[in-house]
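What follows is a single structure, written as structure tokens, with notes after it.
Every number in this text was worked out from the coordinates using simple rules, so none of it is lab data. Predicted, not measured: the structure shown is a model, and the values here were computed from it. Positions of Cβ are generated from backbone atoms using ideal geometry, with glycine treated the same way; all protein chains shown enter the neighbour counts.
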Amino acid sequence: MSVETTALAVGERVARMRDRARIVRLSLSEFRTYKALDITSNDGLIAFIGPNGAGKTNILEALSLLAPGRGLRGAELAECGRLPVHATEAGLWAVSAILANDGDEIRLATGLAAGDEPGRERRIVRIDGTTVKSANTFPDYLRVLWLTPAMDRLFVEAPGGRRRFLDRLVLIVDPSHAARCSAYERAMRERTRLLRDGRGDGAWLSGLERQMAEHGVAIAAARVDLVARLAQAMATRKTAFPQARLSIAGETERHLQQLSAIEAEDVLAKALYDGRARDAEAGRALSGPHRSDLDVEDRAKGRPASQCSTGEQKALLIAIVLAATSLQERMDGGRTPILLLDEIAAHLDAGRRAALFQEIEALGAQAWMTGTDAHLFEALARDAALFRVDPGRVERCGELASRSRA
Ligand SMILES: Nc1ncnc2c1ncn2[C@@H]1O[C@H](COP(=O)(O)OP(=O)(O)OP(=O)(O)O)[C@@H](O)[C@H]1O
Ligand SMILES: [Mg+2]
């Protein structure tokens, strides 16, 4: 069957699905600490508890690879293969999940597969058993958002992390954003290579700059749209978390406030043309939305997130993720994301923890969470499952629901 035929058939099924997606089964093969792992759960809130190094984050990472990009650790794909690998195996692995929605099921899978020769391993992406071109197809079926301990420093570190966070938020409402970002980066890499080698003819460079301008303005427009939707959601949602004020610091995004998209494209294409010598010297493009930054402020305090306490920063991140999770209710095409919350409870007091679980449940989202200690999940009640993780092994601890009702 061709990729197109299947995509259409599955696309029709997706359109029929009401939006309350849940992953009901996750299978790992040769992934990090797991030779083989099979988890089934129909629950909305799923918590993994276990000691440091047990393999909790590895499970969340596996799920995060059912999305464009390199997952929540940003790891090289070969790194994810279980060690020690046989010299010829080059860390091949597979992750597969069944996504259920209103009685319908779709199998999503990805992994690293052998190529024609060693060193040519490649990422495989399959939807219902049919191979598709890239992981950029995943958001048509599944949206994923994550918060990890490494993101505790998101507001104080370099803009790259904030930009990636922003673009992942955009994917909640606009699945084509992944392909748009890839196309922009491809054109940018090619332009940088030509400039570096000093062998690009003018027409070729101009073509690449035009592509960068078109995709770049589309990227900026999607980000501006998302930030406006988030602002609206923040203003109207009832939540125990602080209100965040988001804005984008970026030339292209700023141009879109004063110019039409076509005009903004011309401005960006010209900036790239004028910047050729400068960019050749720098070895990278110094204009474009890949330079933009996400500014976040605690609205009530009027203070930049970077100057808030660690706990306050975490609360702001959670507020943004919850607001983004609520967006699909306000629009067509949005899809409730699956939330991957790694050690989310660590910075939250008991009241905030309980509020977080309640809000996730009220949003109808599924959350996969980790923690070192069961007491962090005491406030979980209905529709929740607890798993105990020990190196290479995962066991269900019993239904929290029945325990709390007993
Ligand atoms: N490719 C790999 N093959 C085998 N083991 C790996 C691989 N990559 C990482 N590990 C091991 O996985 C373990 C880490 O797993 P993980 O990060 O999921 O732990 P965790 O339960 O989240 O721990 P913590 O509570 O400290 O966050 C480490 O012991 C690490 O050495
Ligand atoms: Mg961990």
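For the range 136-220, run through the trypsin sites (Lys or Arg not before Pro) and keep only the ones in DSSP coil with at most 14 other Cβ atoms within 10 Å of their Cβ. For trypsin sites (Lys or Arg not before Pro) across the range 136-220 that sit outside H, G, I, E and B with at most 14 neighbouring Cβ atoms in 10 Å, the list reads Arg199. Taking Tyr273, Tyr34, Tyr184 in turn, the Gaussian network model of the chain (Cα-Cα springs below 10 Å) assigns the largest fluctuation to Tyr273. Normalising the Debye intensity of the range 269-325 to I(0), with uniform scatterers on Cα atoms only, and taking log10 at q = 0.16, 0.20, 0.31 Å⁻¹ returns -0.65, -0.72, -1.26.
Length gained on full extension, Ala261 to Asp38, computed as 0.36 nm times the residue gap minus the Cα-Cα distance: 75.5 nm.
When the chain is treated as a GNM, springs tying every alpha-carbon pair under 10 Å, which of Leu230, Leu166, Leu72 comes out with the largest mean-square fluctuation? Taking springs between Cα atoms under 10 Å, the residue moving most is Leu166. Label-to-label distance, Ala374 versus Leu286, with points set 7 angstrom from Cα along the beta-carbon direction: 5.9 nm. Each part gets one Cα centre, and for the range 115-140 versus the range 211-247 those centres are 30 Å apart. With a 10 Å cut-off between alpha carbons and a GNM built on the chain, which of Val217, Val173, Val132 moves the most? Fluctuation is largest for Val132. Would you mind getting me the FRET efficiency between Arg186 and Ser309? Use the beta-carbon distance for r and R0 = 51 Å, nearest 0.05. So, using R0 = 51 Å, E works out to roughly 0.80. Close Lys pairs in the chain (alpha-carbon distance under 22 Å; sequence gap of 8 or more, or different chains): 5. P(r) tail, the range 164-226: Cα-Cα pairs separated by more than 17 Å, 42% of all pairs. Assuming a ≥ b ≥ c are the square roots of the Cα gyration tensor eigenvalues, decide whether the range 35-174 counts as rounded (a/c under 1.5), prolate (otherwise, with a/b larger than b/c) or oblate. Taking the square roots of the gyration eigenvalues as a ≥ b ≥ c, the range 35-174 is rounded. Do you know the relative contact order of the range 154-334, to the nearest whole percent, from alpha carbon pairs under 8 angstrom that are 6+ apart? 32 percent. Of all DSSP beta bridges confined to the chain, the antiparallel ones make up roughly 70%. The tail of the calculated P(r) for the range 154-334 beyond 30 Å holds 25 percent of all Cα-Cα pairs. Remark: the chain carries a charge dipole of roughly 380 debye about the Cα centre, counting +1 on each Lys and Arg Cβ and -1 on each Asp and Glu Cβ.
Tell me, what does the Kirkwood hydrodynamic radius of the range 40-116 come to in angstroms if you use every pair of distinct C-alpha atoms? 14.3 Å is the Kirkwood radius here.
Counting Cα-Cα pairs of the chain in 10 Å increments starting at 0 gives whole-percent bin shares of 5, 21, 30, 27, 14, 4, 0, 0.
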